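K.L.:
Can you keep this structure in mind? I'll have questions shortly.
The values are calculated or read from the model by the stated rules, or taken from the named source; none is laboratory data. None of these values were measured; they are calculated from a predicted model. With ideal geometry, Cβ positions are generated from the backbone for all residues, glycine too; neighbour counts draw on all protein chains shown.
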Amino acid sequence: MAVLGKIRQRTGLLLIVLATALVVFIVQAALENGFFGSNANHIGSVNGTDIEAQQFMQNVAIIEKQGQGTSTTQAMNSAWEQEVRKIILTEEFNKLGLKIGSEQLINVIKQNPNLAQNPQFLNAAGQFDENKFKESLKGIKNAPDQTQWLQWKEFEKNIERYAVEQMYNTMIKSGVYTTKAEGKFEYTLENDKVDFDYVTVPFSTVNDDQVKVTDAEIIDFMKKSPKKYKSDNTTSIDFVLVENKPSKEDEQAMLESIGNVKVQFDSVPNVGEFVNANSDIKFDSTYVTKKDLPIDYQEELFNLPIGGVFGPYVFNGHQCISRMVAKKGNASAKASHILLAYQGAPQSTATRTKEEAQALANSLLAQAKANPGNFAMLAMANSDDPGSKNNGGEYDNITPGQMVPQFNDFVFNNAVGTIGVVETDYGFHVIKVMDKYNAVLLGTVAQKIQPSDATIDVIYTKASKFEADANENADFAALAKKAELEVIAATNLKGSDEYVQGVGSQREIVRWSFNEDTNIGDVRRFEVPQGFVIAKLKDRNESGLLPIDLARQQVEPIIKNQKKAEIIKKKMNGNSLEAVAKASGASVQPAMGVTLKTPNIPNIGNEPKVIGKAFNLAAGKTSEVIEGNSGMFMIRTKAVTKAPEAASYASYISQYRTQNQSYATSMAYRALKEKAEIKDNRAKF
């Protein structure tokens with residue numbers, strides 16, 4: 001929240017408002033010209049309340065400005081959720097007659113440290129002074145320039161809304177009550193236990209190809225639980241990407257160009273200046289080890305003599321020529337260590353004394369020297385350093401001065417293979433010097449390989465021809481194959497999406513796929529940073545249910561298991577566990593002390609239906625075949641042990657009430673949102 005005393009200095013907000021001007025101007029022009037169609041004056045509606053596009057886009061611009069790295073689409077989605085929540089909850093507040101008066105508003109302000117602790121509003125005793133606050137507010141209200149007053153009124157609305165929402169949440173939480181019976185039930189779920197024997201035949205024993213699932217079966221399954229498998233409207237497209245790639249002729253021309261640079265590179269006195277004048281990537285004065293060089297040219301580059309030049313070579317889309325500037329020995333190292341901390345050392349939780357730590361370090365040193373190859377295992381078993389313990393105590397690319405002095409001196413002053421003990425503030429370290437690295441300083445002229453104007457013309461012509469052919473020929477895949485292009489599928493695009501698989505942030509493509517004027521089968525070309533995308537609208541899902549390809553991932557395993565259950569049932573013949581085990585090739589297994597709170601069968605997993613049945617069978621009784629989560633079961637209950645009556649269930653009541661109260665407000669809003677009539681036109685923007 002803003003500080004009232006600094007309202008006069010709030011130029012930041014004014015800058016944000018100014019920054020939105022261009023967005024608003026564009027949107028307003030679009031609205032006036034009917035660019036977005038008949039519903040262009042609003043971005044959507046909630047229970048009949050329109051969300052006006054112009055104000056909405058101002059909010060989007062503010063969110064985008066305030067959130068570094070936030071794209072317009074991300075800002076739009078955030079603003080949408082805020083607006084939907086605001087409308088839904090405001091309706092509830094109005095129904096309940098929730099509002100706050102001026103005195104309540106002051107109380108809320110007093111709780112805001114940014115306002116309540118502002119020196120401008122404090123009295124001689126250092127307490128918040130309502131009169132000072134009101135006088136300051138009066139001055140802003142009566143000022144000739146009403147900008148600050150309007151800003152305050154908007155801020156005040158936010159305060160009021162926050163306060164009312166807190167009242168609303170408190171009312172919901174207050175309505176959550178937990179009875180003694182519920183507390184007792186939680187106690188029994190956790191403490192009643194059952195022992196039983198079981199036979200199980202897993203679903204995995206039936207091959208998937210024995211139980212095919214059709215699209216129609218998936219749709220019928222979802223229709224039985226439409227809320228569970230509800231989906232936003234989606235679209236799917238197929239597209240090809242005609243990339244802006246340089247031709248072989250372009251690469252050859254680049255070779256000739258950079259070859260001229262190479263002639264001069266041999267003898268220039270200042271490598272850094274020459275690189276900066278001729279390269280697309282500026283000179284980097286960092287020394288690098290061999291493994292940090294381009295893998296295909298490591299040997300040639302690392303072994304260059306001082307002043308030697310290598311290239312041209314291609315790396316990361318650039319034609320490169322490198323010159324050896326300098327070499328440095330012992331530039332970095334690799335070492336493993338075992339830290340033995342002691343009580344009182346920084347960041348230590350160890351309970352051993354300093355003397356005990358030193359004795360253990362000397363013992364481990366002897367073991368390491370006797371068997372150097374076992375150092376990693378010793379580190380994993382004994383080290384108190386969580387940063388290296390799990391990888392055998394290893395630290396790579398250690399540079400001089402990176403570690404504490406004693407550690408640093410041992411590593412850089414000893415030969416590879418040396419093992420010893422040093423003491424630092426953190427404890428005793430058993431250290432093994434694993435490797436030493438030399439480093440080199442290279443000057444590299446790197447010129448990005450770009451397509452020539454002629455190549456760009458060829459690429460544009462190819463993309464345009466493919467678009468024209470695809471508009472006349474229904475077989476998109478055949479055309480792509482003939483043009484030696486790959487068809488990429490982008491499925492389940494939502495109207496609020498920004499990214500398209502394979503080409504990144506492409507809001508325009510998403511919007512086109514949802515446009516009312518775009519029909520299934522339509523083709524359109526889009527210019528993207530990588531080149532040209534030619535997209536074909538493949539499908540629209542407006543059923544309100546998950547698209548088939550997405551639903552198949554969730555629903556197909558369930559239907560398959562249902563079909564497998566029927567096959568397995570036929571194998572599980574018999575009236576006893578032993579008979580069923582013999583008929584199905586399974587074995588009788590025990591399960592001991594299982595609870596309803598955690599209905600897991602050891603080595604099997606979560607099986608609440610099976611556990612529930614076990615609790616409801618009399619001792620010695622055998623169940624029918626039960627369909628579980630992982631397979632088919634038959635069980636025989638051995639004993640149900642009831643928990644003794646507790647003296648008090650207060651802790652269970654409190655825990656259950658706290659848990660339910662934490663869920664209550666979010667669940668209430670979710671229910672209101674599911675019930676609300678929401679019209680979403682974001683796909684048009």
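K.L.:
Restrict the check to segment 348-363 and report whether at least one residue is among the basic types (Lys, Arg) and more than 14 Å from Val433 (Cβ to Cβ).
P.N.:
Within segment 348-363 (the criterion being among the basic types (Lys, Arg) and more than 14 Å from Val433 (Cβ to Cβ)), the answer is yes, since at least one residue qualifies.
K.L.:
Also, quick follow-up: Among residues belonging to segment 71-112 that are in a helix (DSSP H, G or I) and basic (Lys, Arg), point out the one that is surrounded by the fewest Cβ atoms within 10 Å (Cβ to Cβ).
P.N.:
If we filter segment 71-112 for residues that are in a helix (DSSP H, G or I), which is where we start, we get 72-96, 102-110.
Filter again for basic (Lys, Arg), leaving 85-86, 95, 110.
Working: Arg85: 15, Lys86: 15, Lys95: 8, Lys110: 15.
Per the stated criteria, the residue is Lys95.
K.L.:
Okay, next question. Pick from segment 251-269 the residues that are surrounded by fewer than 17 Cβ atoms within 10 Å (Cβ to Cβ) and in contact with a helix residue (DSSP H, G or I) (Cβ under 8 Å, 6 or more places away or on another chain): which of them is farthest from Glu484 (Cα to Cα)?
P.N.:
Val268
K.L.:
Shifting gears a bit: Can you name the condition, by its number, that Met254 falls short on among (1) of a type in the set (A, V, I, L, M, F, W, C); (2) assigned by TED's automatic domain parsing to the domain that holds Asp522; (3) assigned to a helix (DSSP H, G or I)?
P.N.:
(2)
Here is a yes/no grid of residues against (1) assigned to a loop (DSSP other than H, G, I, E, B); (2) small (Gly, Ala, Ser); (3) closer than 19 Å to Ser332 by Cβ:
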| position | (1), (2), (3) |
| --- | --- |
| Gly259 | no, yes, no |
| Val263 | no, no, no |
| Glu273 | no, no, no |
| Asp284 | yes, no, yes |
| Lys291 | no, no, yes |
| Asp296 | no, no, no |
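K.L.:
Filter segment 503-547 for residues that are buried (at least 17 other Cβ atoms within 10 Å of the Cβ) and of a type in the set (A, V, I, L, M) and give the result.
P.N.:
Val503, Ile509, Val510, Val523, Val528, Val533, Ile534, Ala535, Leu537, Leu545, Leu546, listed by residue number.
K.L.:
With (1) part of a strand (DSSP E or B); (2) under 30 Å from Val60 (Cα atoms) as the list, and Glu508 as the residue in question, which single condition is left unmet?
P.N.:
(1)
K.L.:
Let me ask something else. Would you call Ala614 modelled with pLDDT of 95 or more, in a helix (DSSP H, G or I), of a type outside the set (Val, Ile, Thr) and outside the structural domain of Tyr168 (by TED's automatic domain parsing)?
P.N.:
Answer is yes for this residue.
K.L.:
Testing Val194 on (1) under 30 Å from Ser576 (Cβ atoms); (2) in a helix (DSSP H, G or I), one condition comes back false. Which one is that?
P.N.:
Answer for Val194: the failing condition is (2).
K.L.:
Filtering segment 113-127 down to residues that are without any contact (Cβ under 8 Å) to a residue 60 or more places away in the chain and surrounded by 12 or more Cβ atoms within 10 Å (Cβ to Cβ), which residue is farthest from Tyr168 (Cα to Cα)?
P.N.:
Out of the qualifying residues, it is Leu122.
K.L.:
Here is a follow-up. Tell me whether segment 518-541 contains one or more residues that are at pLDDT 90 or above, part of a helix (DSSP H, G or I), under 40 Å from the mean Cα position of the chain (by Cα) and not polar (S, T, N, Q).
P.N.:
no
K.L.:
Using beta carbons and a limit of 8 Å, which pairs, at least six apart or on different chains, have the first residue in segment 392-417 and in a loop (DSSP other than H, G, I, E, B) and the second one modelled with pLDDT of 95 or more and exposed (fewer than 13 other Cβ atoms within 10 Å of the Cβ)?
P.N.:
Short answer, once both residue conditions are applied: none.
K.L.:
OK, next. Restricting attention to segment 377-427, which residues are among the β-branched types (Val, Ile, Thr) and crowded, with 16+ Cβ neighbours inside 10 Å?
P.N.:
Answer for segment 377-427, where residues must be among the β-branched types (Val, Ile, Thr) and crowded, with 16+ Cβ neighbours inside 10 Å: Ile398, Val411, Ile419, Val421, Val422, Thr424.
K.L.:
Restricting attention to segment 440-489, which residues are touching a helix residue (DSSP H, G or I) at 6+ places or on another chain (Cβ under 8 Å) and either under 30 Å from Val416 (Cβ atoms) or part of a strand (DSSP E or B) (or both)?
P.N.:
Val440, Leu442, Gly443, Thr444, Val445, Gln447
K.L.:
Would you point out the residue of segment 597-608, among those that are touching an Asp or Glu at 6+ places or on another chain (Cβ under 7 Å) and crowded, with 17+ Cβ neighbours inside 10 Å, that is farthest from Arg636 (Cα to Cα)?
P.N.:
Going through the qualifying residues, I end up with Pro599.
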